[in-house]
Each structure stands twice: as structure tokens, then as C-alpha cells.
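Working notes for the structure below.
Read-outs: derived from the displayed coordinates by stated rules, not from any lab. It should be emphasised that the depicted structure is a prediction, and the values quoted were computed from it without experimental measurement. Every residue, glycine among them, receives a Cβ derived from its backbone with ideal geometry; neighbour counts consider all protein chains shown.
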Amino acid sequence: DAMVIQNPRYQVTQFGKPVTLSCSQTLNHNVMYWYQQKSSQAPKLLFHYYDKDFNNEADTPDNFQSRRPNTSFCFLDIRSPGLGDAAMYLCATSRASGRAFGNEQFFGPGTRLTVL
Amino acid sequence: QQQVKQSPQSLIVQKGGIPIINCAYENTAFDYFPWYQQFPGKGPALLIAIRPDVSEKKEGRFTISFNKSAKQFSLHIMDSQPGDSATYFCAAIARSAGGTSYGKLTFGQGTILTVHP
């Protein structure tokens, strides 16, 4: 089945120790999103890639970076995790054509990040 | 203007009841309104969605009612079951309006639904 896969599902890191979360998709979608979701809150968009074009949200801290080496994979790098970065990180994909975005965003299962 | 306001924050019903979750928006550029269902420890999953040219859409036990003039929409769950217990998010997206916000989901705050057996 076509899907969005996130690894690892659970990640524990130490304060200040860089961490990378990965997302892969078999949907062949050209848009990939990274969201941060804290407990009892809605997902918050960090950034998205439209093909190779990176689009950062204005309030996303510089501590968060992303890479998309090809259509299928996207990575979230947290350079120096703080205690406040503990959250669920969700990857999502969508199809867009020109200026028209697709109806649906398909979410992965998420990576739960714990910062000690 | 980018907000989607969702209520109630939490909802408890008995099995067979009809929970109703309401959302309101301001941005008239929004042209697609999905609802997501999220179970603990899982990612959100698309449940049902509606375009503003339709006043009602039904899929199985789930119905969206849409009032374009009032800029409000709601989710009704018929014959609710304990397995429906989850967090529900309404959302809105401007798929092609242009500007810096298009193509991005704006989520409501979420409603935690509990269905008792």
C-alpha cells in the first residue's frame, strides 16, 4: 500500500545533541510537510517542500532544518534540541500542480521525540 | 484571519449518541475543509472533507454540514461507537488562492471525543 513512513517512531536524545528524523513516501507526491504537534494541540507547520523548493514558516526556529534529497525522502534536523522541542513530529505529503494544491494531505504515524 | 475556531474542546457521549463538533473561519480564500481523526500515538487521518459549493456531505456515519454565508461547518457522528473515541480536528486550506498561506492546512484546536459504552 502507498504510504508515508516515519523513522524512528520513538527517539530519545539529550539536551543539545543533534537529532535527525526521517520520512519516506511511496505516494510519489511532490509536496512534503513537517509538522510539530505537542500534547493536546493541533499540528503546527514547520516547513514544506514543493518539489525542491523549500518553504519555511516565519515562526519556525532556526534550530530546525530540513533536507529533501529526492522525491521520496525528507529529513528533519534539530541542531540543538531543547526541552521545549519534545513533541510528536509528523510528516505529511500532498500533490500539487502549478498553483493548485491537492485536496488531501496524507500523514505519517509520527516520531515521538523525548529530550532528556 | 487565518484562524479556524473549533468547539467544544472536549465532548462525552454515550454509545449511539450524536456528537456534534463545530468550526468557524474568517478567511474567504479557504476552499476545502477536511476533518481529521487522530488516535493517541498516531498521525491524523483524513475522515471526510467538503468544498464550499456543497452544503452537506455524508460518508457512512459521518456528516459535514457547511454554511458558507455564516462561514461555519460542523461534523456530526451518527450512532457513535466507543471506537470513535479520538481527537477530531477540523481544518481549512486555500488550495489555489495565491499568497503566502496557500496550500497550507489551518487546523482548529481539536476536540477530544469520548464515547462511553
With θ taken as phi - 60° and the coefficients 6.51, -1.76 and 1.60, list the Karplus ³J(HN,Hα) couplings across segment A:78-95 in order, rounded to whole Hz; mark glycine and proline as x.
10, 6, 9, x, x, 4, x, 8, 5, 5, 8, 10, 10, 9, 9, 10, 7, 10
Would you list, by chain and number, the lysines whose Cα falls below 25 Å from the Cα of A:LYS17, excluding same-chain residues fewer than 8 positions away?
A:LYS38, A:LYS44
Could the peptides B:83-95, B:22-34 be put in order, highest first, of the mean number of other beta-carbon atoms found within 10 Å of their residues?
B:83-95, B:22-34
Please compute the average number of Cβ atoms from other chains found within 10 Å of each residue's Cβ in peptide B:81-94.
1
I want to check a number: in segment B:4-116, how many lysine pairs have alpha carbons closer than 21 Å, given a sequence separation of 8 or more or different chains?
12
Theoretical FRET efficiency, 1/(1+(r/R0)^6), r = Cβ-Cβ of B:LYS57 and A:TYR10, R0 35 Å, to 0.05
0.45
Against the 2.2 N^0.38 Å scaling, with N counting residues, where does segment A:4-110 land? I'd like the Cα-based Rg ratio to two decimal places.
1.02
Quantify how strongly other chains surround peptide B:42-55 by giving the mean number of their Cβ atoms within 10 Å of each of its Cβ atoms.
3
Would you mind giving the mean number of other chain beta-carbons within 10 Å of the Cβ of each residue in A:16-27, as a whole number?
0
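Segment B:4-116: Rg/Rh from Cα coordinates, Kirkwood Rh?
Values: Rg = 13.7 Å, Rh = 14.2 Å.
Value, to two decimals: 0.97.
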Relative contact order (percent, whole number), chain A, Cα cutoff 8 Å, 6+ residue spacing
37 percent
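Based on a Kirkwood Rh over C-alpha pairs, give the Stokes-Einstein translational diffusion coefficient of segment A:54-97 at 25 °C and viscosity 0.890 mPa s in µm²/s.
Working: Rh = 12.3 Å.
Taking Rh from Cα pairs, D becomes 199 µm²/s.
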Spin-label pair A:ASP51/A:SER39, simplified geometry with 7 Å Cα→Cβ offset, distance in nm
4.3 nm
How big is the gap, in Å, between the Cα center of segment B:13-35 and the Cα center of segment A:1-70?
27 Å
What number, in nm² with one decimal, is the all-direction average of the projected area of the convex hull of the alpha-carbon atoms of the protein assembly as shown?
12.8 nm²
